[in-house]
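Worksheet: one structure, shown below.
Every number here is computed from the coordinates shown, using simple stated rules; none is lab data. Given the structure is predicted, the values throughout are model-derived calculations rather than measurements. Glycine also receives a Cβ, built like all others from the backbone with ideal geometry; neighbour counts cover every protein chain displayed.
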Amino acid sequence: MKGDNLKRINIISTGKAQPLNIVTASMVDKQCGFKEGQTMKITGLEQRFFLKDELSDDLLRKAVNQALEKAKITIDDIDCIIDASATMQQAIPYNGAWVHRVLEVKRNIATFDINMTCLSALRAFDVASNLFDAYPTILIVTCDIGSAGLDWSHIRTAGIFSDGASAMILCKSNSGGIVVSNFETYSQGYEYCQIRGAGVKNAPANYVGDYKEVGYFEMDGKRLFKLSAKILPDFIDRTLKLKGLTLDDIDWIVPHQASQASLNHIVRMLKIDKSKLIDIFHNHGNQIATSIPTALHELFMTKDLKSGQKVMLIGTSAGVGLGLVVWEVP
């Protein structure tokens with residue numbers, strides 16, 4: 001199995017950033033008029049990081065500069081930038097152009113966006129593995145400010161989110177790489193996670209009423225969880241079997257940090273050793289597209305990765321999308 005028909009890709013370095021502003025569960029209790037401890041009980045998240053006195057530009061620079069310093073290169077050594085954020089700076093232009101400006105890239109290199117909400121960075125990683133002939137060194141960035149669209153009258157949804165940014169610098173590898181990848185769409189869950197505004201369907205010029213009501217993030221958590229629990233086990237099993245793999249062949253599992261309940265469910269559903277799972281929800285929250293690359297950064301920083309080990313990155317997105325990539329460490 002090792003080395004057979006892999007898409008050669010190496011992660012040179014990673015970086016992450018969180019806002020300086022910390023919002024504790026107790027602070028949310030006071031804001032929402034709850035009894036002390038209620039937010040923590042509902043969300044399982046003691047604290048979240050929300051952008052306040054900083055700019056999203058600052059957050060992006062911190063994550064990227066961290067990755068550049070580790071790789072011992074400068075931004076002008078990058079050949080292509082893929083913005084894989086779930087949240088947009090504005091509807092137009094695309095985020096990649098914003099990233100190019102913020103990072104003050106001296107060359108007019110290619111930039112583009114990939115948006116699959118929570119799976120954006122994972123999809124970008126898979127796409128990047130096919131681009132090295134044109135772009136030898138690729139930077140994938142995310143900068144998600146989910147706090148901008150939260151409706152605090154729905155604490156079960158609003159209370160799990162946190163802001164953050166991430167960066168991954170990639171190149172073609174001589175060994176290791178993507179063993180298998182698969183992405184599928186289950187659009188029967190299209191309305192389960194949504195922001196109804198800012199598009200053609202509910203254009204500001206034609207909308208009657210307070211536009212704020214379609215500008216907030218909405219999630220039907222129960223229906224989303226039910227659908228995900230139904231389709232995810234078979235999706236994982238079928239995808240791994242494409243390359244003759246089972247979960248026993250996986251050394252590390254890096255999931256989207258959707259919620260503490262979802263991570264606990266993954267352990268029970270897949271019957272895996274919890275020590276294999278990278279769980280950072282308790283101190284990072286759900287950072288949307290930034291969640292998977294930040295959890296991957298945590299894996300690199302805290303575990304002793306060895307060549308040949310297999311890392312399974314897995315998650316769901318609004319839509320509903322499923323995504324899985326098994327990456328073999330070069």
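Odds and ends about this structure:
- Mean-position separation - Cα centroids, the range 114-139 and the range 262-310, in angstrom: 20
- The aspartates and glutamates within cross-link reach of LYS241, meaning a Cα-to-Cα straight distance under 12 Å and a gap of 8 or more places when in the same chain, are ASP249.
- The length gained by stretching the chain between ASN206 and ALA110 to full extension, at 0.36 nm per residue less their Cα-Cα distance, is 31.0 nm.
- GNM top mover of HIS265, HIS256, HIS282 - the chain, alpha-carbon springs below 10 Å: HIS265
- The modelled label-to-label distance for the pair LYS241/HIS282, using points 7 Å beyond Cα in the direction of Cβ, is 3.6 nm.
- Maximal additional length on extending the SER307-LYS70 stretch stands at 83.4 nm, based on 0.36 nm per residue less the C-alpha distance.
- Separation in nanometres of the label points that stand 7 Å from Cα toward Cβ, at GLU191 and LYS226: 1.4
- Net length available on complete extension from MET27 to ALA198 is 58.5 nm, with 0.36 nm assigned per residue and the Cα-Cα distance removed.
- Packing, as the average of other Cβ atoms within 10 Å across residues, places the peptides 144-153, 315-324, 74-83, 234-243 in the order 315-324, 74-83, 144-153, 234-243, highest first.
- Taking other Cβ atoms within 10 Å as a rough exposure proxy, ASP57, ASP126, ASP133 sort from fewest to most as ASP133, ASP57, ASP126.
- From the coordinates of this entry, P(r) over Cα pairs in 20 Å bins from 0, in percent is computed, and it appears in (1) 32, 60, 9; (2) 31, 57, 12, 0; (3) 32, 54, 12, 2, 0 under the label (1).
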